[in-house]
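Structure first, commentary second.
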């Protein structure tokens, strides 16, 4: 390999140009005509809130999804990125946040996976190892080529991913949150490597939420919001506060129901909650009738905090109290018995048994109450569920409908129904409206308000800042496993202020 | 009904197989037994006015005895006279005739079954023994009916599949939780050996009391239940994959069964030990009755109880079930223990059927059991399956084996066909659901 384009050989055409990229998924318009250009030897930062369309854009680049509309040119030639293979042939490599390494294979085996050097049908492992060694030398790192990848550190795996990208004639390298799991030193070494690659004329798209890094490494920045371009700046000509403003600059419309707030006694109290690096010394209180929003960037430890409260993961330390009483919570069963409910972020993987009927899903945490000496009282079950179907306006053809076949909004309502029927005192909503259409969103908000009005304590985890501002009575912000901000006076607060707490 | 069919499409396959085997075993049937006796008596009284003199000829077989007894009773009741009843060989018939000739008795009818009436003695009766008069050889009317569909054969099918079907109940639960249990075949052997050894060594061998035998069988079942709980502990607490745990236990249990029996069959058992396996107190074989009762219980358990719901939920999405407060570990333990206990029960039934305990019992049964469950529509990835489907699956396998036996297909070929049919049945299900 290593016949990398010398810097700016094709001075006229940019290395990569995406024009009018459109992509929608069922119920969501992810991209509404995004433009992006990348020059050889440039590091372009891509910035935006969760859900702004960054991931979708790089999925199009990596050939994971076909675009609905738009054109992509590489070196001025139009390319059709209909598959990962086509993307690779066009010289594009994407390093995802979750690595795509086969854990049991060594670095060099991973690098040549699907692209093995063979001689007369036999793998030429020696040749592969030699080339792998060359590449790591070029990256300036030591790498044990005999260890399987799952024995390597996260930083080393990252390097394997980079080396894997360089095996091909890569001209465009996309890195999605490459430093999320790296230490400061490892990050600095990565930057040295990025600078080397830049000198070799490779164009790099760098996605990160860490502004310090963006200002340090990138040449230019593009801000996306709601699937469209907001702005584009040379990094030297823009300030951090301006970028944050542009990321969140959505105006608040009347998408949240109003309510009268009457806040009571402290109900849920969490103290010194910790688990590894994910959650460190988190403590807060939620009072009766109060909706507390817990926000922060993806990976800041919000969901992990909720799981610790709910007993889904084992906590290293910490205490959980409800109404001043200390709770023994070692598993979700105990949490539920104590009156805590968790609506998980990922409905499909954690919230629902997709192959089971919606009614069975509804009944799951409520079976003890719906049963008589172990026998499910089917008529009671049916009638109770029918009541919730009416109340929550769940649209299903019949109660035996499999959960798999419902829309996101209806799935979320089924999950809601099952926890409402449990009559929990504390409800934790993790991203309650993700993937939910606007109408259903409003209904879910109304329901949260009703619950609060009944004196329940509600903790709402959300990345959607307008939602946080529209719904919460108090806002907690997390960053890298710690609680970094608490905002009690919501009359003055802006999305920019929240974002300041959330980013390093 | 249509709902039942769409849920259990295998019923269609089973019915099709039954129809097929009925067609290829459609044969002329010569009736015997009590019903045939009554039938023949009324034919005689229709044909002969007055007092017919009848010689009854039957073989020395239980069904012929019933035939002869009923026939004799019916002829007497209709005012006829039975001059003699032969039960035995053609030689016995000749002797009886010679006796009648000696005393000068005339006879009007020789009444026999299809088989006895074809004996050479009766070919030229009037010419050979003129003093008898002109006796007419008469048999019950024959009819056409598939061998496959004869009541005896159907009961035979049910009896032969009882062990596999009972073990498949437990396997269905395990597979619904998304697991697998490969140890059931070995547990059958271990349980059979343990039960028979307990009877031989502690229960009084041939003189064991019913109570002693019951306790021995319960003890064997309890040991297997303990083994099941050990497996389930490995699977839940130590997170070893079920395939590996039960593969290991399959070897352990088989080895134990051979060790405990020194590789020999244990047959020092009382005659009454066969009650469970061969008896038929309610018209149906006891093992079949037990199987049907267990299926009824299991079906209620799976479809109507909290426990059943939890089994499905754990298999459908373990994490979602856990986060909904389902005690996942306890549910899994229940499934594996139930499976081991039912396998043990299968071993006891098998020992009873064969009146001995041998470490070779249940060899390869785990595969037939899994096949029954899968053919019955359960998904190996968990969360789906029904007891009724499994019963259908077990019967499908039994019907194929029985049908091939009836049509004289040799056993090696049978395996090939069975394997292909299992594959085809599962494919058929997949296509239907697409």
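The values are calculated or read from the model by the stated rules, or taken from the named source; none is laboratory data. All values derive from a computational prediction rather than experimental measurement. FYI the Cβ positions are ideal-geometry reconstructions off the backbone, even for glycines, and counts take in every protein chain you see.
In table form, for the structure just shown:
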{"quantity": "Flag if residue A:301 is at positive phi and either assigned by TED's automatic domain parsing to the domain that holds residue A:490 or at pLDDT 95 or above (or both)", "calculated": "yes"}
{"quantity": "So residue A:375, is it within 14 Å of chain B (Cβ to nearest Cβ), over 30 Å from residue A:245 (Cα atoms) and crowded, with 19+ Cβ neighbours inside 10 Å", "calculated": "no"}
{"quantity": "Residue in the range A:318-335 that is farthest from residue A:461 (Cα to Cα), counting only those that are within 14 Å of chain B (Cβ to nearest Cβ) and touching a helix residue (DSSP H, G or I) at 6+ places or on another chain (Cβ under 6 Å)", "calculated": "A:329"}
{"quantity": "Residue list for the range B:167-199, filter: surrounded by fewer than 24 Cβ atoms within 10 Å (Cβ to Cβ) and in contact (Cβ under 8 Å) with a residue 60 or more places away in the chain", "calculated": "B:178, B:180, B:182, B:197"}
{"quantity": "All positions within the range B:398-434 that are under 14 Å from residue B:160 (Cβ atoms) and in contact with a helix residue (DSSP H, G or I) (Cβ under 6 Å, 6 or more places away or on another chain)", "calculated": "B:398, B:399, B:400, B:402, B:403, B:404, B:406, B:414, B:418"}
{"quantity": "Check on residue B:55, in contact with a strand residue (DSSP E or B) (Cβ under 9 Å, 6 or more places away or on another chain), assigned by TED's automatic domain parsing to the domain that holds residue B:121 and closer than 13 Å to residue B:36 by Cβ", "calculated": "no"}
{"quantity": "Residue in the range B:171-178 that is under 24 Å from residue B:364 (Cβ atoms) and assigned to a loop (DSSP other than H, G, I, E, B) present", "calculated": "yes"}
{"quantity": "Residue ranges of strands (runs of 3 or more DSSP E) in the range A:201-273 with at least 1 members more than 19 Å from residue A:39 (Cβ to Cβ)", "calculated": "A:220-225, A:228-234"}
{"quantity": "Number of the exception - residue A:268 against (1) within 12 Å of chain B (Cβ to nearest Cβ); (2) farther than 17 Å from residue A:416 by Cα", "calculated": "(1)"}
{"quantity": "Within the range A:341-367, tally of residues that are in contact with a helix residue (DSSP H, G or I) (Cβ under 8 Å, 6 or more places away or on another chain), more than 8 Å from every other protein chain (Cβ to nearest Cβ) and outside any helix (DSSP H, G or I)", "calculated": "4"}
{"quantity": "Number of positions in the range B:98-133 that are assigned to a helix (DSSP H, G or I) and touching a strand residue (DSSP E or B) at 6+ places or on another chain (Cβ under 8 Å)", "calculated": "6"}
{"quantity": "Complete set of residues in the range A:121-134 that are at pLDDT below 85 and within 38 Å of the chain's Cα centre (by Cα)", "calculated": "A:125"}
{"quantity": "Criterion: within 26 Å of the chain's Cα centre (by Cα) and either within 14 Å of chain B (Cβ to nearest Cβ) or on the phi < 0 side of the Ramachandran plot (or both) - qualifying residue of A:294, A:392, A:370", "calculated": "A:294"}
{"quantity": "Residue check, residue B:287 more than 14 Å from chain A (Cβ to nearest Cβ), part of a helix (DSSP H, G or I) and more than 17 Å from the chain's Cα centre (by Cα)", "calculated": "no"}
{"quantity": "Members of the range B:346-369 that are in a helix (DSSP H, G or I) and touching a helix residue (DSSP H, G or I) at 6+ places or on another chain (Cβ under 6 Å)", "calculated": "B:346, B:347, B:348, B:349, B:350, B:351, B:352, B:353, B:365, B:366, B:368, B:369"}
{"quantity": "Test: residue in the range B:263-272 that is in a helix (DSSP H, G or I) and either within 17 Å of residue B:343 (Cβ to Cβ) or at pLDDT 95 or above (or both)", "calculated": "no"}
{"quantity": "Residue count, the range B:384-415 (criterion: closer than 28 Å to residue B:304 by Cα and not in a helix (DSSP H, G or I))", "calculated": "3"}
{"quantity": "Boolean, residue B:32 is crowded, with 17+ Cβ neighbours inside 10 Å and touching a residue at least 60 places away in the same chain (Cβ under 8 Å)", "calculated": "yes"}
{"quantity": "Flag if residue B:315 is within 11 Å of another protein chain (Cβ to nearest Cβ), touching a residue at least 24 places away in the same chain (Cβ under 8 Å), in a helix (DSSP H, G or I) and under 19 Å from residue A:367 (Cβ atoms)", "calculated": "yes"}
{"quantity": "Test: residue in the range A:120-136 that is surrounded by 16 or more Cβ atoms within 10 Å (Cβ to Cβ) and part of a loop (DSSP other than H, G, I, E, B)", "calculated": "no"}
{"quantity": "Selection from the range A:468-504 of residues that are closer than 16 Å to residue A:305 by Cα and part of a helix (DSSP H, G or I)", "calculated": "A:502"}
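Quick grid of which residues meet (1) surrounded by 20 or more Cβ atoms within 10 Å (Cβ to Cβ); (2) at pLDDT 90 or above:
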position: A:365; (1), (2): yes, yes
position: A:394; (1), (2): yes, no
position: A:397; (1), (2): no, no
position: A:442; (1), (2): no, no
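Yes/no matrix, rows are residues, columns are (1) surrounded by fewer than 21 Cβ atoms within 10 Å (Cβ to Cβ); (2) modelled with pLDDT under 95; (3) facing chain A (nearest Cβ under 9 Å):
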position: B:293; (1), (2), (3): yes, no, no
position: B:310; (1), (2), (3): no, no, yes
position: B:332; (1), (2), (3): no, no, no
position: B:338; (1), (2), (3): no, no, no
position: B:345; (1), (2), (3): no, no, no
position: B:350; (1), (2), (3): no, no, no
position: B:355; (1), (2), (3): yes, yes, no
position: B:359; (1), (2), (3): no, no, no
position: B:364; (1), (2), (3): yes, yes, no
